[in-house]
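The values are calculated or read from the model by the stated rules, or taken from the named source; none is laboratory data. Since the structure is predicted, the reported quantities are computational estimates derived from the model, not experimental observations. We place every Cβ from the backbone using ideal geometry, glycine too, and count neighbours over all the protein chains shown.
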Amino acid sequence: MRKLTICLIAIFLLAACSEKESVDTPPSITFQTGSYTQDGEAVPLGGKLTFGITANGGSEPLTNIRIQRVAGGNVITEVDKGLFVKNEDYPYVVNAVKSDASEEVWRFMAMNSKRDSVVITRTVLLGEGVAYGPIRHFPSVKIGMQNNTEYPHFLCLSTGTTYSNEEVAGNEASIDLLAFVYQTSGIWSPTLNCPQYTTAPSYYPIVGSWTTRNSTLYDYNAVDNNLVSLDEFNAATNDSLLVASFKPQSSSGNCKFCFTGKIVPFKTQLGKYGLIRIIHADQVAEGYMELEIKIQE
């Protein structure tokens, strides 16, 4: 009987250890294979950077992906994405352009709900020459605010195409921008938004049912402080100003106070940088906005 008891205890302890090991699986993050920027690669100023990663929370849900660029002594948070993904891999692709720093170190971090984290890095060097590229220019695009019945509400920034509530079916994955008016700080604010932002379905309920909801980030600090001048905007014939104007550390999927005359730097889900000049912005829900857009090809 004593031997049997000892055996049972040993089996129980082994099972407990095995269970504990499965519970304590740490988060993981790896680089995807394919045509992505490689470690030690030399990329010219303005050249495209593309990183593909796959993150997993391990035995706990994955709750955060953070991507930082360390360049010229500065740490720039390019992505800080909250999520809740359980028991599966989460692929993510980030696009950027090479700065003038001689060396950039990119940090990719995954964290789970226990705040366990893991970091991998990739170094990118500055290559010779410059690689600024051509842009597309849409001189006038009109979109309606939430209660406007004259103009479409949804916009693809890459093509300048607008879609009404009826036309957007089947084109949801192309939509980067929508607009509405709301009261904030006692002011009726013309606002640029995107499908992924949490408030979008409040003004356009149809967005809540979309399978693909793109994220567009707007540099609100540049808007608030008028950091891009009209002369600079008008003179932009390649994407150098578009790239330089956007600062990820002061960006959001919601950009308020987009009054007439404001210039808004942005970055789309696909990693395309651009500028929007607000030609006209009403401050009523039945109104509209007229936009001039410059975006990377």
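Does Val168 satisfy the criteria of being closer than 15 Å to Gly144 by Cα, aliphatic (A, V, I, L, M), over 21 Å from the mean Cα position of the chain (by Cα) and not in a loop (DSSP other than H, G, I, E, B)?
no
Taking Val181, is it part of a helix (DSSP H, G or I) and crowded, with 20+ Cβ neighbours inside 10 Å?
no
Between a first residue in region 111-130 that is in contact (Cβ under 8 Å) with a residue 40 or more places away in the chain and of a type in the set (Asp, Glu) and a second residue that is surrounded by 14 or more Cβ atoms within 10 Å (Cβ to Cβ) and assigned to a loop (DSSP other than H, G, I, E, B), which pairs have beta carbons less than 9 Å apart while being 6 or more apart in sequence or on different chains?
Asp116/Pro26; Asp116/Pro27; Asp116/Gly57; Asp116/Gly58; Asp116/Glu60
So, in region 132-152, how many residues would count as being modelled with pLDDT of 95 or more and either under 21 Å from the mean Cα position of the chain (by Cα) or among the small types (Gly, Ala, Ser) (or both)?
4
Whether any residue in region 217-238 is assigned to a loop (DSSP other than H, G, I, E, B), of a type in the set (D, E, K, R) and in the same structural domain as Thr159 (by TED's automatic domain parsing) is what I want to check.
No, every residue in region 217-238 fails to be assigned to a loop (DSSP other than H, G, I, E, B), of a type in the set (D, E, K, R) and in the same structural domain as Thr159 (by TED's automatic domain parsing).
Kindly list the number of the only condition in (1) in contact (Cβ under 8 Å) with a residue 60 or more places away in the chain; (2) surrounded by 22 or more Cβ atoms within 10 Å (Cβ to Cβ) that fails for Val228.
Every listed condition holds for Val228 apart from (1).
So which of Thr25, Thr37 is surrounded by fewer than 16 Cβ atoms within 10 Å (Cβ to Cβ) and of a type in the set (Ser, Thr, Tyr)?
Thr25
Has region 211-223 got at least one residue that is on the phi < 0 side of the Ramachandran plot, of a type outside the set (A, V, I, L, M, F, W, C) and without any contact (Cβ under 8 Å) to a residue 12 or more places away in the chain?
No; the residues of region 211-223 include none that is on the phi < 0 side of the Ramachandran plot, of a type outside the set (A, V, I, L, M, F, W, C) and without any contact (Cβ under 8 Å) to a residue 12 or more places away in the chain.
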